[in-house]
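Taking it in order: structure first as structure tokens, then the write-up.
The values are calculated or read from the model by the stated rules, or taken from the named source; none is laboratory data. Here the structure is a predicted model, which means the values were calculated and not measured. Every residue, glycine as well, gets a Cβ built from its backbone with ideal geometry; the counts of neighbours run over all protein chains shown. Note: areas computed on protein heavy atoms with side chains; ligands, DNA, RNA excluded. Shrake-Rupley method; radii C 1.70, N 1.55, O 1.52, S 1.80 Å.
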Amino acid sequence: MPTEVLEFLLKRDRRILIAATIALTVVAWLYLLWIAQDMPGMDMPGMDMSEAMAPMARVWTLADFTFMFLMWGIMMIGMMTPSAAPIILIYARVARQSAQAGKPLAATGWFAVGYLASWTAFSLLATIAQGLLERAALLTPMMEVSSDRFGGAVLIIAGLYQFTALKNTCLSHCQSPFNFIQSHGGFKRGTWAPIELGLRHGFYCMGCCWALMALLFVVGVMNIIWIAAIATYILLEKVLPRGNVVPRAAGTGLVMAGFWLLLR
């Protein structure tokens, strides 16, 4: 790469990275909105409307599984990329300083690849879970909960998880991105180092957010309003300097909503 081009990119890396993050998020959300336009008649390959209207067990085809996996994967990109922006920007800043000092790190994109790879793994698990729930007739092919008892149980479990030590530990790593990097070996050279760091950060984010993602099985996997609400909450949970107050307040509300759903 010519020196002039490299200097241009280094001076504007923050702007370029922010623009790329926004573009990735926007594209993901446009895809979700496009898919959601067909709700409640969103067909998977091979599904007719008579199947979609009843909570009946139905064996997915490979095309069904691939379609749902891609949907979950793109959904996770749209939901989680904004909340990962702070740590990505920190890595980019240090990478720029290292390059200027003659000790370049791997491109910031490798960190993002590792982070999004962890959520791709989560998307695979979520797709499997959705297929099993539909098979058990707890979730309709329309991706909506078919049992108040099941929905209430999910809400209560998600609410109680907000009070656990695991939630607190994972959230603390997500709320302090620079400390997270330093506690996991710091900034290392080589391509695999940022990928591994991104994977680790992604897994901590999964530990922090998996119960919130499970709420989509209750409110509707493709309910755009709730997808946006959960994504916004996840971002606020990570950036607000409130410690554990925010998740515990949310946990209390989820438990109360769960009992209401069970008893109504």
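Quick one: ALA99 ticks every box in (1) assigned to a helix (DSSP H, G or I); (2) over 21 Å from the mean Cα position of the chain (by Cα); (3) buried (at least 21 other Cβ atoms within 10 Å of the Cβ); (4) hydrophobic (A, V, I, L, M, F, W, C) bar one, so which box is it?
(3) is the only condition that ALA99 fails.
Hey, does the stretch 156-166 have a residue that's modelled with pLDDT under 85 and over 27 Å from ALA228 (Cβ atoms)?
Looking through the stretch 156-166, none of the residues is modelled with pLDDT under 85 and over 27 Å from ALA228 (Cβ atoms).
Which one of these is in contact (Cβ under 8 Å) with a residue 40 or more places away in the chain and touching an Asp or Glu at 6+ places or on another chain (Cβ under 9 Å): GLY152, GLY131?
GLY131
Which of the residues belonging to the stretch 83-96 are under 30 Å from ILE224 (Cβ atoms), of a type outside the set (Gly, Ala, Ser) and surrounded by 19 or more Cβ atoms within 10 Å (Cβ to Cβ)?
Listed by number, the residues that qualify are ILE87, ILE88.
Hey, THR232 hits all of (1) open to solvent by 20 Å² or more (accessible area, probe 1.4 Å); (2) touching a residue at least 40 places away in the same chain (Cβ under 8 Å); (3) in a helix (DSSP H, G or I) but one; which does it fall short on?
THR232 satisfies all of (1) open to solvent by 20 Å² or more (accessible area, probe 1.4 Å); (2) touching a residue at least 40 places away in the same chain (Cβ under 8 Å); (3) in a helix (DSSP H, G or I) except (2).
Would you confirm, using the coordinates I've provided, whether VAL113 is outside any helix (DSSP H, G or I), among the aliphatic types (A, V, I, L, M) and open to solvent by 50 Å² or more (accessible area, probe 1.4 Å)?
It is false that VAL113 is outside any helix (DSSP H, G or I), among the aliphatic types (A, V, I, L, M) and open to solvent by 50 Å² or more (accessible area, probe 1.4 Å).
Those residues that are farther than 24 Å from GLU196 by Cβ and surrounded by fewer than 21 Cβ atoms within 10 Å (Cβ to Cβ), I need them from the stretch 153-167; list them, please.
Result: ALA153, ILE156, ILE157, LEU160, TYR161, PHE163, THR164, ALA165.
Does at least one position in the stretch 240-258 carry a residue that is open to solvent by less than 40 Å² (accessible area, probe 1.4 Å), on the phi < 0 side of the Ramachandran plot and assigned to a loop (DSSP other than H, G, I, E, B)?
No: the stretch 240-258 contains no residue that is open to solvent by less than 40 Å² (accessible area, probe 1.4 Å), on the phi < 0 side of the Ramachandran plot and assigned to a loop (DSSP other than H, G, I, E, B).
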